[in-house]
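Read the structure below first, then the notes.
The values are calculated or read from the model by the stated rules, or taken from the named source; none is laboratory data. It should be emphasised that the depicted structure is a prediction, and the values quoted were computed from it without experimental measurement. Remember, those area values only see protein heavy atoms, side chains included, never the ligands or the DNA or RNA. Shrake-Rupley method; radii C 1.70, N 1.55, O 1.52, S 1.80 Å.
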Amino acid sequence: MKYDENSYRWGFQIKEKESKHQWFKLSLDPAQGRDKSNLAKIYPNTLTLTPVDDEKLVVDYLQALRIHAGNFLQQKFGAMIPRTVQWEYIITIPAMWSDAAKAKTRSCAEKAGMGSGDNLHTIAEPEAAALHELDRLVSMGLEVGDTFVL
């Protein structure tokens, strides 16, 4: 994320050599005991800005992602489709996160305009990966009792 006067840029809108906020999602769970994420330690970047407010960063990022998805679907299916279908969002969360961090992530998604109640879901990242693979493996003849490694 990169904040400009009254707006922000994200992803590829930020040039490679520009300073930016990054690796901020993991700080939503202070119970993990990190002052700096392991990713930030492994891949240090002198252009990384000091975090301002990790929750604000996550809300703005999720909002940008929501808007981008809506624009993509509008271009692909026409202007009426995104406005006439009920949106449902599924947010993946690290499996080892505390319940408080999971709730904080859900709250950030709600603030980002991703809805609430039955149209906003959270799922542990390993469970999401397993469901994706199970869906893919069904077409490869996976049967009850078979074993697969994820």
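Below is a table of values for the structure above.
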read-out	value
Residues of the chain: accessible area per residue with a 1.4 Å probe, Å²	69 Å²
Pairs from 76/102; 15/102; 20/104; 2/102; 15/41; 17/104 whose Cα-Cα separation, in the structure shown, is over 29 Å	76/102; 15/102; 17/104
Order of exposure, largest accessible area first, which applies to 83, 9, 136 with probe 1.4 Å	83, 136, 9
Heavy-atom accessible surface of the chain: percent carbon and sulfur, 1.4 Å	56 percent
